[in-house]
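Encoded as structure tokens, the structure appears first; notes follow it.
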Amino acid sequence: MVVTKKISLETKGHCDIMDITHQVEQQVAETNVSNGTVTLFVAGSTAGISTIEFESGLLSDFEGLWERNVPRDITYAHDRRWGDGNGYSHCRASLLGASLVIPLSDKRLALGTWQQIVLVDFDNRPRLRQIIVQVMGE
């Protein structure tokens, strides 16, 4: 069985990190699938999905990681071409990735104790984000 659902979220941009674990659990609970996989996909090229311990110190470290490795304040060819100033956000999102697959067992996501699912919006402005949730299994 395959069930496709959607989560809609308003984000702030600027490395906005949102814990979406509860919303994903709710979507899974509304299906008749007990065992299988849950695939999450964020539509858009300036946001990504991952897992992390959703704790203030680590969230600060995670944001700092992106600033050190893909800084906002350098010139990007994308910005010269389009003038929207978000070239860094496209690069960051491509490194994090737009999708995540999580095993599902007895209607529970197989996450570790300190592991939460996060949406990270790297864009330079607020956005309405759509996350496709596809639950597959039996």
Against the definition (surrounded by fewer than 19 Cβ atoms within 10 Å (Cβ to Cβ), at pLDDT 95 or above, in contact with a Leu (Cβ under 8 Å, 6 or more places away or on another chain) and outside any loop (DSSP other than H, G, I, E, B)), how does Glu25 come out, yes or no? yes
Could you give me the residue pairs with C-beta distances under 6 Å whose first residue belongs to region 117-135 and is within 8 Å of His14 (Cα to Cα) and modelled with pLDDT of 95 or more, whose second residue is acidic (Asp, Glu) and surrounded by fewer than 22 Cβ atoms within 10 Å (Cβ to Cβ) wherever it lies, and which are 6+ apart or on separate chains? Asp121/Asp16
Given the conditions (1) closer than 18 Å to Asp16 by Cβ; (2) out of contact with any strand residue (DSSP E or B) (no Cβ under 9 Å at 6 or more places or on another chain), report the number of the one that Arg92 does not fulfil. (2)
I'd like to check something: does region 73-82 contain any residue that is in contact with a strand residue (DSSP E or B) (Cβ under 7 Å, 6 or more places away or on another chain), surrounded by 11 or more Cβ atoms within 10 Å (Cβ to Cβ) and either within 14 Å of Cys15 (Cα to Cα) or not polar (S, T, N, Q) (or both)? no
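Within region 36-64, track down each residue that is of a type outside the set (A, V, I, L, M) and surrounded by fewer than 13 Cβ atoms within 10 Å (Cβ to Cβ). So that I can check it myself, show each step before the final result.
Narrowing region 36-64 to residues of a type outside the set (A, V, I, L, M): 36-37, 39, 41, 44-46, 48, 50-51, 53-57, 60-64.
Selection gives Glu55, Ser56, Gly57, Ser60, Asp61, Gly64.
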Residue pairs meeting the criteria (Cβ under 6 Å; at least 6 apart or on separate chains; first closer than 27 Å to Gly137 by Cβ, in region 39-68; second in a helix (DSSP H, G or I) and of a type outside the set (Val, Ile, Thr)): Ala47/Ala93; Gly48/Ala93; Gly48/Leu96; Ser50/Leu96
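The values are calculated or read from the model by the stated rules, or taken from the named source; none is laboratory data. What you are looking at is a predicted structure, and each value in this text was computed from that prediction instead of being measured. Reconstructed Cβ throughout: ideal geometry from the backbone, glycine too, with neighbour counts over all protein chains shown.
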